[in-house]
């Protein structure tokens, strides 16, 4: 028993991210865990909001863990899904989501080289995703891959608005690109 406890404690030390320090105690919002962290290098806030669920895959009988995290990366918010199984690769995989009973669709996402991590980092797609989950209670995500099959996960996302607020305060969503409207001066033409 003691050996198992020491092994799990040692494993926890190995995976601990020492580039951050806790700014204040973690808190919850619905199923979300909110981490208030500070980047030890820059001294800037680096909060994250996380919810954990399980995923199923049509090629395996196992039920695996999956983590949804909204955090800052390079001064902008990103959405990161970390699966405990291979779910795809950029060249032959798709990512789609649906919130509650509102129809969903495939979105632009990056499958990282570990084949287990999917990231939404396009600013417009991140903004839409955050808006969707902030108004919902159940998020369903699906990855489809030629080699990894279909993987589906359901997340309880009640409290998302509260959970992602510290992240958006630390790294706000990008302003949507505004179209330049041609203005005309009657005397001199286009300005």
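The values are calculated or read from the model by the stated rules, or taken from the named source; none is laboratory data. This structure is a prediction, so every number in the text was calculated from the model and none was measured. FYI the Cβ positions are ideal-geometry reconstructions off the backbone, even for glycines, and counts take in every protein chain you see.
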**Prompt:** Filter the stretch 53-72 for residues that are surrounded by fewer than 16 Cβ atoms within 10 Å (Cβ to Cβ) and in contact with a strand residue (DSSP E or B) (Cβ under 9 Å, 6 or more places away or on another chain); which is nearest to residue 133 (Cα to Cα)?
**Reply:** 54
**Message:** Taking the condition of being within 19 Å of residue 173 (Cα to Cα), surrounded by 18 or more Cβ atoms within 10 Å (Cβ to Cβ) and out of contact with any helix residue (DSSP H, G or I) (no Cβ under 9 Å at 6 or more places or on another chain), how many residues in the stretch 102-121 meet it?
**Reply:** 1
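Return the residues of the stretch 28-43 that are in a strand (DSSP E or B) and either exposed (fewer than 14 other Cβ atoms within 10 Å of the Cβ) or touching a helix residue (DSSP H, G or I) at 6+ places or on another chain (Cβ under 6 Å) (or both); say none if nothing qualifies.
Here is the first cut: in the stretch 28-43, the ones in a strand (DSSP E or B) are 28-29, 32-39.
Listed by number, the residues that qualify are 28, 29, 32, 34.
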**Asked** From the list 46, 75, which one is exposed (fewer than 13 other Cβ atoms within 10 Å of the Cβ), more than 22 Å from residue 151 (Cβ to Cβ) and within 15 Å of the chain's Cα centre (by Cα)?
**Response** 75
**Request:** Among what's in the stretch 1-27 and is under 27 Å from residue 159 (Cα atoms) and touching a strand residue (DSSP E or B) at 6+ places or on another chain (Cβ under 7 Å), pick the residue that is modelled with the lowest pLDDT.
**Result:** 23
**Complete:** Taking first residues from the stretch 124-137 that are surrounded by 18 or more Cβ atoms within 10 Å (Cβ to Cβ) and second residues anywhere that are assigned to a helix (DSSP H, G or I), the pairs with Cβ under 7 Å that are 6 or more apart or on different chains are 130/164; 133/160
**Message:** Pull out all pairs, ordered by first then second residue, where Cβ-Cβ is under 6 Å, the residues are six or more apart or on different chains, the first lies in the stretch 139-154 and is surrounded by fewer than 22 Cβ atoms within 10 Å (Cβ to Cβ), and the second is part of a strand (DSSP E or B) and modelled with pLDDT under 95.
**Reply:** 149/57; 152/56
**Message:** When the residues of the stretch 81-101 are narrowed to those that are assigned to a strand (DSSP E or B) and either modelled with pLDDT under 95 or surrounded by 19 or more Cβ atoms within 10 Å (Cβ to Cβ) (or both), which ends up nearest to the chain's Cα centre (by Cα)?
**Reply:** 81
